[in-house]
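The values are calculated or read from the model by the stated rules, or taken from the named source; none is laboratory data. Predicted model only: the values in this text are computed from it and were never measured. Here the Cβ positions follow ideal geometry from the backbone for every residue, glycine too, while neighbour counts run over all protein chains shown.
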Amino acid sequence: MKKTKINAAHYFLKAKMVEFCGWDLPIQYSGVNTEHMAVRTTGGLFDVSHMGEIWFQGREALQAVQYLVSNDVSKLQPGKIQYAGLLTENGCFVDDLLVYMIRENEYLLVVNAANIDKDFQWMKKHTAHFDVRVENRSEEYSQIAVQGPVAEMLVQEFTDIDLKPMGYYHFAQGRVQGMDAIVSRTGYTGEDGFEIYFRSDAASASKLFLALAEKGEKYDALPAGLGARDTLRLEAKMALYGNDIDDQHTVLEADLGWILKLSKEPFIGRDVLAKQKAEGVRRILVGFELVDKGIARHGYPVFVQGKEFAAVTSGTFVPFLKKSIGMTYLPVEHSAIDSEFQVDIRGKLVTAKVVKTPFYKRIK
């Protein structure tokens, strides 16, 4: 298994480790529920160094990224970030990603760990006709996410960047514990928080993670693993590639029309999506909660009016809301709020209803 440069810190903190996308990563330290509640009420820190960093540099860097992704990258300025879809010719997902505008003619695209090699090859292939250099620097970078109400105070103790004026989906470059870093106000939890990108050796990376954990004690912030990361993002209705979004569902079907800018110059998948938008989608990703007792987990069959239609894409019992929630694709005509359908939980049909999402939204 591959190891992040922070790997030694997880063993020092006695985390429970698992294999995830070929990486040796912590699933939990003090418990998924405990870590989930810490992020919602105080703070948590995550090693997300397995994520990928792909850089675009050159005279036509903007045009290349514009051609690849669904959002309008021309709206970015240095220090700003967009969420976007990396799309197939059919308007479905190769991946979802973040686009950072570093400066004119330079962009950083942050992709999912399981898709790094696939995404890089896709990007290289489809931008070969642009004057741009595309580099996969994923192995160079470590990334730590600090999330929750105390995140700003905790991270501020380690950086010379003034975090208070930094807006959501903005970033700055500066020093974090003496190392050059990019610090962005982003996250995958539904809370305020920051993601820190830096290059260092393993000793320095582990030292930073352990220092954040130690300093976090005064704020009641905890190290957190993949388990809490998954339940937190589900409460916030943040899609997970391979579960909720994939190469079989379009941006519009995934209820992510807000990251689709059809009016910009041509991009991969545009014509299919324009046609689908004009004609209307037939299925759409919705959030639901169970009316009856049970837990609807990923892969459980979903029935609409007695006929199997899809499967649960994500689902579990979430600690903060104390509800069994999930996501699935439903026919558009059965997707209105309070519409009921059934989930097959180990041979028993259990009633669920469509609810407004995100399930959880922090009070700002």
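Some values worked out for this structure:
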{"item": "Lone unmet requirement of (1) within 19 Å of residue 144 (Cβ to Cβ); (2) more than 18 Å from the chain's Cα centre (by Cα) for residue 31", "result": "(1)"}
{"item": "Any hit, segment 343-351, residues being of a type in the set (Gly, Ala, Ser) and within 30 Å of residue 40 (Cβ to Cβ)", "result": "no"}
{"item": "For residue 5: the one exception among (1) assigned to a loop (DSSP other than H, G, I, E, B); (2) within 24 Å of residue 191 (Cα to Cα)", "result": "(2)"}
{"item": "Residue within segment 37-51 that is in contact with a Ser or Thr (Cβ under 7 Å, 6 or more places away or on another chain), of a type outside the set (Ser, Thr, Tyr) and either surrounded by 24 or more Cβ atoms within 10 Å (Cβ to Cβ) or over 28 Å from residue 231 (Cβ atoms) (or both) present", "result": "yes"}
{"item": "Positions within segment 280-294 being in contact with a strand residue (DSSP E or B) (Cβ under 6 Å, 6 or more places away or on another chain) and crowded, with 17+ Cβ neighbours inside 10 Å, in sequence order", "result": "283, 285, 286, 287, 288, 289, 290, 294"}
{"item": "Condition broken by residue 38, with the remaining ones in (1) in a strand (DSSP E or B); (2) in contact with a Gly (Cβ under 8 Å, 6 or more places away or on another chain) satisfied", "result": "(1)"}
{"item": "Residue match in segment 73-80 (condition: out of contact with any Leu (no Cβ under 6 Å at 6 or more places or on another chain), modelled with pLDDT of 95 or more, part of a strand (DSSP E or B) and closer than 22 Å to residue 193 by Cα)", "result": "yes"}
{"item": "Segment 271-294, residues that are closer than 16 Å to residue 87 by Cα and over 23 Å from the mean Cα position of the chain (by Cα)", "result": "271, 272, 274, 275, 276, 277"}
{"item": "Some residue of segment 341-350 being touching an Asp or Glu at 6+ places or on another chain (Cβ under 7 Å) and within 17 Å of residue 249 (Cα to Cα)", "result": "no"}
{"item": "Hits in segment 220-234 (condition: crowded, with 24+ Cβ neighbours inside 10 Å and of a type in the set (Gly, Ala, Ser))", "result": "221, 224, 225, 228"}
{"item": "Residue that is within 22 Å of residue 357 (Cβ to Cβ) and over 17 Å from the mean Cα position of the chain (by Cα), where the choices are 235, 265, 253, 214", "result": "253"}
{"item": "Top-ranked residue of segment 107-141 - restricted to ones that are under 30 Å from residue 211 (Cβ atoms) and of a type in the set (S, T, N, Q), ranked as surrounded by the most Cβ atoms within 10 Å (Cβ to Cβ)", "result": "138"}
{"item": "Residue match in segment 333-352 (condition: surrounded by 14 or more Cβ atoms within 10 Å (Cβ to Cβ) and charged (D, E, K, R))", "result": "yes"}
{"item": "Matching residues, segment 169-219, being over 20 Å from residue 139 (Cβ atoms), hydrophobic (A, V, I, L, M, F, W, C) and either in the same structural domain as residue 83 (by TED's automatic domain parsing) or surrounded by 16 or more Cβ atoms within 10 Å (Cβ to Cβ) (or both)", "result": "171, 172, 183, 194, 210, 212, 213"}
{"item": "Residue among 183, 155 that is touching a strand residue (DSSP E or B) at 6+ places or on another chain (Cβ under 8 Å), among the β-branched types (Val, Ile, Thr) and in a helix (DSSP H, G or I)", "result": "155"}
{"item": "Unmet requirement for residue 144, which otherwise passes all of (1) without any contact (Cβ under 8 Å) to a residue 40 or more places away in the chain; (2) closer than 22 Å to residue 6 by Cα; (3) crowded, with 22+ Cβ neighbours inside 10 Å", "result": "(1)"}
{"item": "Test: residue 59 is surrounded by fewer than 18 Cβ atoms within 10 Å (Cβ to Cβ), of a type in the set (Lys, Arg) and in contact (Cβ under 8 Å) with a residue 40 or more places away in the chain", "result": "yes"}
